[in-house]
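I'd like to ask you about the structure that follows.
Throughout, read-outs are computed from the coordinates displayed, never taken from laboratory work. Every value quoted in this text rests on a predicted model; they were computed, and no experiment measured them. Here the Cβ is made from the backbone with ideal geometry for all residues, glycine too, and neighbour counts use every protein chain on show.
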Amino acid sequence: MSFNHSDIRLQFPILKKGTYLDSAATAQKPQVVIDSMKHFYETENANVHRGMHMLSEKATTAFEEARTSVQKFINAKSAEEIIFTSGSTEGINLVAKTWGKENLGEEDSVLITLLEHHSNITPWIQLKDENDCAVEWVELDQNENIDITQLDKHLANGNVKLVAITGQSNVTGVRTPLKEIINKTHEAGALALVDAAQLSAHHPIDVQDLECDFLVLSGHKLYGPTGIGVLYGKRELLESMPPFLTGGGMIKEVKRDHFTCAAIPTKFEAGTPPIAQAVGLRTAIDWLLQFNWEDIEAHERSLIEKSFSELRKIEGLTILGPSDPKNISGCLSFVIDGIHPHDLTDIIGQKGVFMRAGHHCAQPLHEHYGIPASTRLSIGIYNNGEDIEKITPAIQEAIKIFS
Ligand SMILES: Cc1ncc(COP(=O)(O)O)c(C=O)c1O
């Protein structure tokens, strides 16, 4: 379908409420996603995999069709390699607390980077505390991306068993060279986990081409609902892993003193799964895929470039990360001399420009920049040049209030 931007924008009813520049936190939902979930609750709602009536069959079909949509979206070999989770956070915890718990010991380490979100830091710190393994860090190079020379050095030690890396920073918008890193990781005999929470809404993902072992994403950042995410894992790995949560749905058989697990993906989906959310996620994916990725990326690149040139008009404003907008995607963060990001973001929010202030769940990265917090501007497919033009006047007015 052609990339008619004004038409796209009209499909997001909430955009009437203000200038939304906070999509890295959660993206807004097109009307079709909202409608699909309403339709599901009105006409198909039942629990999945358990009933033998018409509604349960419909709900199960809708749920499993959503799995197939996700499989195609990330080009996984099979739908069984798609586990529905509550989000990226749960996906990473699942891997840490199953594969990690079983496979990492005193001699081993997990390699993460300074660009990670807390969701891809804290599960590994917990694992370090529980299993006595190590967590090693890769710092940034002069381009504000992963320092590949340092990555090589860590991998050469022979202790790294897993490299867990974001595909796109949720602070600076830097995209990491995933293919190169994953190749190096495999050459060193380690596995690679990709945090695609940010990347997945801005760039196509092909897990077979990347050859990553695990990948996580969140439905709500992909124009879908909250409460659903995806863990992709290579079949042989998922089959070798113990269950994460146990209970209804994930079992084959339960006796008084033991139980056996169902096959993947069910083994990892204990309890009632997010069924209506899966329907919404499927609709979001179908909706997004009607456009060409080249059009989406070109449109978003022009918005980021415009944001850079607008923000550079403001005295005392520093953009974190790369100085060239070509090297970033989806978001950027900045600080202004003498104004706390929370105060700034609060004032511009009152003027109807919605951004986010804080450490954006990336405290080690903020510590690296020597600041506690920043203001983040993040974009989605629905933003336009006019949105970006509202930022500078709003910030200028806020500066006047504080000076
Ligand atoms: C890079 C990155 N990873 C992980 C997450 C966690 O995602 P969720 O809160 O949907 O689990 C986020 C959320 O902002 C993120 O930006």
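Can you give me the relative contact order of the chain as a percent, contacts being Cα pairs under 8 Å and 6 or more apart?
Taking the mean separation of contacting Cα pairs over the length of the chain, I get 22 percent.
Also, I was wondering about something else. Can you give the helix-only mean residue ellipticity at 222 nm for the chain, where every DSSP H stretch with n ≥ 4 adds -39500 (n - 2.57) and the sum goes over all residues, rounded to the nearest 500 deg cm²/dmol?
Helix-only estimate at 222 nm: -11500 deg cm²/dmol.
Straight-line reach from K101: which aspartates and glutamates have Cα under 18 Å away, leaving out those fewer than 8 places along the same chain?
E90, D129, E130, D132, E136, D213, E236, E239
Related question: Binned at 5 Å from 0, what are the whole-percent values of the Cα-Cα distance distribution for region 292-402, short to long?
For region 292-402, the pair-distance distribution reads 2, 12, 23, 25, 20, 12, 4, 1, 0.
Turning to a different aspect of this structure: Packing-wise, with mean Cβ within 10 Å as the measure, how do 195-202, 101-108 rank, highest first?
Per-residue mean Cβ counts within 10 Å order the peptides as 195-202, 101-108.
What FRET efficiency comes out for A298 versus V254 if R0 is 56 angstrom and r is the Cβ-Cβ distance? Round to the nearest 0.05.
0.55
Students often forget the sequence filter, so: which aspartates and glutamates lie under 14 Å Cα-Cα from K221 once same-chain residues fewer than 8 apart are removed?
D22, D195
Still on this structure: Please state the relative contact order of region 292-402 as a whole percent: Cα pairs under 8 Å, 6+ residues apart?
33
Follow-up question, since we're still on this one. Peptides 324-331, 372-379: what's the order by average Cβ count within 10 Å, highest mean first?
On the way: 324-331: 19.8, 372-379: 24.8.
The most tightly packed comes first, giving 372-379, 324-331.
Could you run the Debye sum over the Cα atoms of the chain, one equal point scatterer each and no solvent, and tell me log10 of I(q)/I(0) at q = 0.06, 0.10, 0.11, 0.14 Å⁻¹, two decimals?
-0.25, -0.69, -0.83, -1.26
Shifting gears a bit: Roughly speaking, what is the centre-to-centre gap between region 237-291 and region 36-75 when only Cα atoms are used, to the nearest Å?
Centre-to-centre distance over Cα atoms comes out at 13 Å.
Be a star and scan region 166-180 for residues whose amide nitrogen sits under 18 Å from the point 7 Å along the Cα-to-Cβ vector of T122.
Residues passing the 18 Å test: 166, 170-171.
So which aspartates and glutamates can K29 reach, going by Cα to Cα under 16 Å and dropping same-chain residues fewer than 8 places off?
Correct list for K29: D7, D286.
Rank the residues E80, E116 as a footprinting-exposure proxy: fewest other Cβ atoms within 10 Å of their Cβ go first.
So the residues, fewest neighbours to most, are E80, E116.
Of the listed pairs K97/K252; K326/K351; K234/K267, which have alpha-carbon separations greater than 19 Å here?
Where the Cα-Cα span goes over 19 Å, the pairs concerned are K97/K252; K326/K351.
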